[in-house]
Amino acid sequence: MLLIAHRGASGTHPENTMAAFRAAWAAGAKAFEFDVQRSKDGVLVVIHDNDLTRTGLDPRAVRDLTLAELKSHDFGRWFDHKFAGERMPTLEELIDATPSDCLINLEIKQAEPVYEGIEKDVLDFLNKRPMVKARTAVSSFHHDTLKALRRLDGKVRIGLLPGRLPIEPSFELAKELSAESLNVNQERLTPEWVERAHKAGMRVLVYTIVKQEQILRAAELGADGVFSNFPGLKVPP
Ligand code: G3P
Ligand code: MG
(Lines give C-alpha, C1' and ligand atoms only; values in the text may rest on other atoms or scores of the structure.)
(Ligands and ions follow the chains in the order given, each with its own letter.)
Protein backbone atom coordinates (compact mmCIF):
# COMPACT_ATOMS: atom_id res chain seq x y z
CA MET A 1 0.00 0.00 0.00
CA LEU A 2 1.19 3.48 -0.89
CA LEU A 3 1.23 6.28 1.70
CA ILE A 4 0.85 9.72 0.15
CA ALA A 5 1.81 12.55 2.49
CA HIS A 6 -1.21 14.84 2.44
CA ARG A 7 -0.21 18.52 2.10
CA GLY A 8 3.16 17.23 3.32
CA ALA A 9 3.47 16.12 6.93
CA SER A 10 0.52 18.39 7.67
CA GLY A 11 -0.37 16.74 10.99
CA THR A 12 2.81 18.07 12.56
CA HIS A 13 3.83 20.93 10.25
CA PRO A 14 2.02 23.83 8.56
CA GLU A 15 0.30 22.31 5.52
CA ASN A 16 1.62 22.89 2.02
CA THR A 17 4.87 24.51 3.19
CA MET A 18 8.40 23.41 2.47
CA ALA A 19 8.74 22.52 6.16
CA ALA A 20 5.84 20.07 5.79
CA PHE A 21 7.16 18.59 2.56
CA ARG A 22 10.71 18.20 3.85
CA ALA A 23 9.38 16.51 6.98
CA ALA A 24 7.38 14.09 4.82
CA TRP A 25 10.41 13.20 2.72
CA ALA A 26 12.53 12.82 5.84
CA ALA A 27 9.92 10.45 7.27
CA GLY A 28 10.40 8.28 4.19
CA ALA A 29 7.27 9.23 2.24
CA LYS A 30 7.60 8.00 -1.31
CA ALA A 31 4.62 10.07 -2.50
CA PHE A 32 3.06 13.37 -1.54
CA GLU A 33 0.05 15.51 -2.34
CA PHE A 34 -0.46 19.27 -2.51
CA ASP A 35 -2.99 21.79 -3.82
CA VAL A 36 -2.36 24.23 -6.64
CA GLN A 37 -3.99 27.58 -7.42
CA ARG A 38 -2.94 30.72 -9.33
CA SER A 39 -1.89 34.13 -8.05
CA LYS A 40 -3.22 37.43 -9.44
CA ASP A 41 -0.09 37.74 -11.56
CA GLY A 42 -0.43 34.25 -13.00
CA VAL A 43 1.99 32.19 -10.91
CA LEU A 44 1.03 28.63 -9.91
CA VAL A 45 1.19 28.45 -6.13
CA VAL A 46 0.80 25.74 -3.51
CA ILE A 47 -2.11 26.44 -1.19
CA HIS A 48 -5.34 24.67 -0.22
CA ASP A 49 -7.94 27.30 0.63
CA ASN A 50 -9.25 29.83 -1.89
CA ASP A 51 -8.52 32.62 0.58
CA LEU A 52 -6.29 33.22 3.58
CA THR A 53 -8.94 33.59 6.28
CA ARG A 54 -8.42 30.20 7.98
CA THR A 55 -4.81 31.11 8.62
CA GLY A 56 -5.86 34.61 9.70
CA LEU A 57 -3.40 36.15 7.27
CA ASP A 58 -5.52 38.07 4.78
CA PRO A 59 -9.24 38.23 4.04
CA ARG A 60 -8.61 38.33 0.31
CA ALA A 61 -8.70 35.48 -2.18
CA VAL A 62 -5.54 33.84 -3.52
CA ARG A 63 -6.53 34.95 -7.01
CA ASP A 64 -6.63 38.58 -5.88
CA LEU A 65 -3.14 38.54 -4.39
CA THR A 66 0.09 38.87 -6.34
CA LEU A 67 2.90 36.44 -5.73
CA ALA A 68 4.75 39.17 -3.80
CA GLU A 69 1.69 39.70 -1.58
CA LEU A 70 1.28 35.98 -0.99
CA LYS A 71 4.98 35.68 -0.24
CA SER A 72 4.77 38.52 2.27
CA HIS A 73 2.66 36.34 4.55
CA ASP A 74 3.98 34.02 7.22
CA PHE A 75 2.45 30.59 6.54
CA GLY A 76 4.13 28.93 9.52
CA ARG A 77 3.34 31.02 12.57
CA TRP A 78 -0.44 30.42 12.48
CA PHE A 79 0.30 26.71 12.99
CA ASP A 80 3.04 27.05 15.60
CA HIS A 81 5.45 29.86 16.37
CA LYS A 82 8.35 27.44 15.87
CA PHE A 83 7.54 27.50 12.14
CA ALA A 84 7.54 31.31 11.94
CA GLY A 85 8.93 32.56 8.65
CA GLU A 86 7.63 29.74 6.44
CA ARG A 87 6.50 31.07 3.08
CA MET A 88 3.99 29.71 0.62
CA PRO A 89 5.92 27.83 -2.07
CA THR A 90 5.33 28.26 -5.76
CA LEU A 91 4.78 25.06 -7.71
CA GLU A 92 8.21 25.53 -9.28
CA GLU A 93 9.97 25.94 -5.94
CA LEU A 94 8.32 22.82 -4.61
CA ILE A 95 9.06 20.66 -7.63
CA ASP A 96 12.66 21.88 -7.80
CA ALA A 97 13.13 20.66 -4.21
CA THR A 98 11.34 17.33 -4.64
CA PRO A 99 13.48 14.17 -4.47
CA SER A 100 13.76 12.69 -7.93
CA ASP A 101 12.19 9.36 -6.97
CA CYS A 102 9.16 10.78 -5.16
CA LEU A 103 5.67 10.34 -6.65
CA ILE A 104 3.59 13.49 -6.96
CA ASN A 105 -0.15 14.14 -6.65
CA LEU A 106 -0.87 17.63 -7.90
CA GLU A 107 -4.43 18.61 -7.00
CA ILE A 108 -5.87 21.56 -8.90
CA LYS A 109 -8.09 23.57 -6.57
CA GLN A 110 -10.64 25.39 -8.60
CA ALA A 111 -12.36 28.56 -7.43
CA GLU A 112 -15.53 30.48 -8.21
CA PRO A 113 -15.30 31.81 -10.89
CA VAL A 114 -12.88 29.20 -12.21
CA TYR A 115 -9.20 29.79 -12.82
CA GLU A 116 -9.58 30.02 -16.58
CA GLY A 117 -6.87 28.08 -18.39
CA ILE A 118 -5.19 26.68 -15.30
CA GLU A 119 -5.23 23.25 -16.96
CA LYS A 120 -2.97 24.54 -19.74
CA ASP A 121 -0.73 26.29 -17.21
CA VAL A 122 -0.25 23.04 -15.30
CA LEU A 123 0.36 21.07 -18.50
CA ASP A 124 2.85 23.65 -19.78
CA PHE A 125 4.67 23.37 -16.46
CA LEU A 126 4.77 19.57 -16.62
CA ASN A 127 5.63 19.41 -20.31
CA LYS A 128 8.80 21.40 -19.61
CA ARG A 129 9.74 18.67 -17.13
CA PRO A 130 9.06 15.25 -18.68
CA MET A 131 10.70 13.34 -15.81
CA VAL A 132 8.46 15.14 -13.34
CA LYS A 133 5.39 14.64 -15.52
CA ALA A 134 6.03 10.90 -15.54
CA ARG A 135 5.89 10.84 -11.73
CA THR A 136 2.87 13.14 -11.44
CA ALA A 137 -0.85 12.41 -11.29
CA VAL A 138 -3.12 15.45 -11.52
CA SER A 139 -6.38 15.35 -9.56
CA SER A 140 -9.31 17.65 -8.92
CA PHE A 141 -12.80 17.73 -7.47
CA HIS A 142 -13.65 20.00 -10.39
CA HIS A 143 -14.58 17.56 -13.08
CA ASP A 144 -14.69 20.04 -15.96
CA THR A 145 -11.08 20.81 -15.11
CA LEU A 146 -10.17 17.13 -15.45
CA LYS A 147 -12.07 16.90 -18.73
CA ALA A 148 -10.19 19.93 -20.05
CA LEU A 149 -6.88 18.36 -19.00
CA ARG A 150 -7.72 15.18 -20.87
CA ARG A 151 -8.84 17.11 -23.96
CA LEU A 152 -5.54 18.97 -23.97
CA ASP A 153 -3.37 15.98 -23.23
CA GLY A 154 -4.14 12.34 -23.96
CA LYS A 155 -1.28 11.14 -21.79
CA VAL A 156 -1.29 13.16 -18.59
CA ARG A 157 -1.98 10.96 -15.58
CA ILE A 158 -5.32 11.76 -13.96
CA GLY A 159 -6.75 10.86 -10.56
CA LEU A 160 -10.48 11.48 -10.16
CA LEU A 161 -11.77 12.96 -6.92
CA PRO A 162 -15.46 11.99 -7.11
CA GLY A 163 -16.37 14.08 -4.08
CA ARG A 164 -20.09 13.42 -3.55
CA LEU A 165 -20.73 12.10 -7.03
CA PRO A 166 -22.57 8.76 -6.78
CA ILE A 167 -20.67 5.61 -7.60
CA GLU A 168 -22.20 4.91 -11.02
CA PRO A 169 -21.43 8.27 -12.65
CA SER A 170 -18.06 8.28 -10.89
CA PHE A 171 -17.02 5.18 -12.77
CA GLU A 172 -18.46 6.50 -16.03
CA LEU A 173 -16.45 9.69 -15.61
CA ALA A 174 -13.30 7.83 -14.56
CA LYS A 175 -13.55 5.79 -17.74
CA GLU A 176 -14.17 8.87 -19.89
CA LEU A 177 -11.10 10.50 -18.35
CA SER A 178 -8.98 7.33 -18.55
CA ALA A 179 -8.25 8.04 -14.90
CA GLU A 180 -5.68 5.84 -13.23
CA SER A 181 -7.22 6.18 -9.78
CA LEU A 182 -10.33 7.12 -7.88
CA ASN A 183 -9.40 9.19 -4.85
CA VAL A 184 -12.20 8.52 -2.40
CA ASN A 185 -13.12 9.94 1.00
CA GLN A 186 -12.67 7.20 3.59
CA GLU A 187 -16.25 7.73 4.76
CA ARG A 188 -17.47 6.66 1.33
CA LEU A 189 -15.13 3.70 0.96
CA THR A 190 -16.93 0.37 0.46
CA PRO A 191 -15.79 -2.90 -1.13
CA GLU A 192 -17.77 -1.94 -4.25
CA TRP A 193 -15.48 1.02 -5.01
CA VAL A 194 -12.44 -1.22 -4.81
CA GLU A 195 -13.90 -4.16 -6.73
CA ARG A 196 -15.16 -2.01 -9.58
CA ALA A 197 -11.96 0.03 -9.75
CA HIS A 198 -9.73 -3.02 -9.82
CA LYS A 199 -11.88 -4.66 -12.46
CA ALA A 200 -11.47 -1.52 -14.57
CA GLY A 201 -7.69 -1.44 -13.96
CA MET A 202 -7.81 1.60 -11.68
CA ARG A 203 -6.53 2.12 -8.15
CA VAL A 204 -8.41 3.40 -5.14
CA LEU A 205 -6.66 5.99 -2.97
CA VAL A 206 -8.33 7.04 0.27
CA TYR A 207 -8.25 10.38 2.12
CA THR A 208 -7.70 11.73 4.74
CA ILE A 209 -6.08 9.29 7.11
CA VAL A 210 -4.88 10.44 10.51
CA LYS A 211 -4.91 7.22 12.55
CA GLN A 212 -3.31 3.82 12.24
CA GLU A 213 -6.65 2.02 12.53
CA GLN A 214 -7.98 3.95 9.53
CA ILE A 215 -5.13 2.54 7.47
CA LEU A 216 -6.02 -0.96 8.62
CA ARG A 217 -9.63 -0.50 7.55
CA ALA A 218 -8.64 0.90 4.16
CA ALA A 219 -6.24 -2.00 3.69
CA GLU A 220 -8.89 -4.54 4.67
CA LEU A 221 -11.22 -3.05 2.08
CA GLY A 222 -8.49 -3.42 -0.53
CA ALA A 223 -7.49 0.22 -1.06
CA ASP A 224 -4.21 0.73 -2.88
CA GLY A 225 -3.10 3.87 -1.09
CA VAL A 226 -3.91 6.45 1.54
CA PHE A 227 -3.45 10.18 1.79
CA SER A 228 -2.24 10.81 5.32
CA ASN A 229 -1.29 13.88 7.33
CA PHE A 230 1.11 11.64 9.25
CA PRO A 231 3.62 10.05 6.88
CA GLY A 232 5.20 8.16 9.78
CA LEU A 233 2.16 5.87 10.05
CA LYS A 234 2.80 2.30 8.96
CA VAL A 235 1.24 0.91 5.79
CA PRO A 236 1.11 -2.78 4.86
CA PRO A 237 3.69 -3.86 2.27
O1 G3P B 1 -6.52 14.65 -2.78
C2 G3P B 1 -6.99 14.23 -1.55
C3 G3P B 1 -7.39 15.40 -0.70
O4 G3P B 1 -6.34 16.33 -0.73
C5 G3P B 1 -8.66 16.04 -1.17
O6 G3P B 1 -9.17 16.93 -0.25
O7 G3P B 1 -9.58 19.17 0.68
O8 G3P B 1 -7.58 17.89 1.40
O9 G3P B 1 -7.69 18.86 -0.88
P10 G3P B 1 -8.47 18.27 0.26
MG1 MG C 1 -5.78 18.24 -1.63
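The values are calculated or read from the model by the stated rules, or taken from the named source; none is laboratory data. It should be emphasised that the depicted structure is a prediction, and the values quoted were computed from it without experimental measurement. Please note: Cβ atoms are built from the backbone with ideal geometry, for glycine as well, and neighbour counts cover all protein chains shown. Please note that ligands, DNA and RNA were not included when accessible areas were found on the heavy atoms of the full protein model with its side chains. Shrake-Rupley method; radii C 1.70, N 1.55, O 1.52, S 1.80 Å.
Just a few scattered comments:
- Förster radius 45 Å - calculated FRET efficiency between Asp96 and Ala200, Cβ distance, rounded to 0.05: 0.80
- In terms of overall dimensions, the stretch 67-151 has a Cα radius of gyration and Dmax of 14.9, 45 angstrom.
- Here each label is just a point 7 Å from Cα along the line to Cβ, and for Val210 and Ala84 those points are 2.7 nm apart.
- Solvent exposure of the chain as accessible area per residue, Å², 1.4 Å probe: 46 Å²
- Scalar couplings 3J(HN,Hα) for the stretch 142-157, obtained by applying the Karplus form with A = 6.51, B = -1.76, C = 1.60 to θ = phi - 60°, are 8, 6, 5, 5, 5, 5, 5, 4, 5, 4, 6, 8, x, 10, 4, 7 Hz; x denotes Gly and Pro.
- Over the chain: helical MRE at 222 nm, DSSP H runs n ≥ 4 each giving -39500 (n - 2.57), nearest 500: -8500 deg cm²/dmol
- The ratio of the alpha-carbon radius of gyration of the chain to the globular-protein estimate 2.2 N^0.38 Å is 0.97.
- Put the Cα centre of the stretch 48-77 next to the Cα centre of the stretch 184-234 and the gap is 32 Å.
- Long pairs among Lys30/Lys82; Lys82/Lys133; Lys155/Lys234; Lys71/Lys211; Lys147/Lys234; Lys133/Lys199, criterion Cα-Cα beyond 28 Å: Lys82/Lys133; Lys155/Lys234; Lys71/Lys211; Lys147/Lys234
- Across the accessible surface of the stretch 100-143, with the other protein chains kept in place and a 1.4 Å probe, carbon and sulfur atoms take up 60 percent.
- Cα gyration tensor category, rounded, prolate or oblate, for the stretch 124-237 with a/c compared to 1.5: oblate
- Share of pairwise Cα separations in the stretch 13-83, more than 20 Å, in percent: 30 percent
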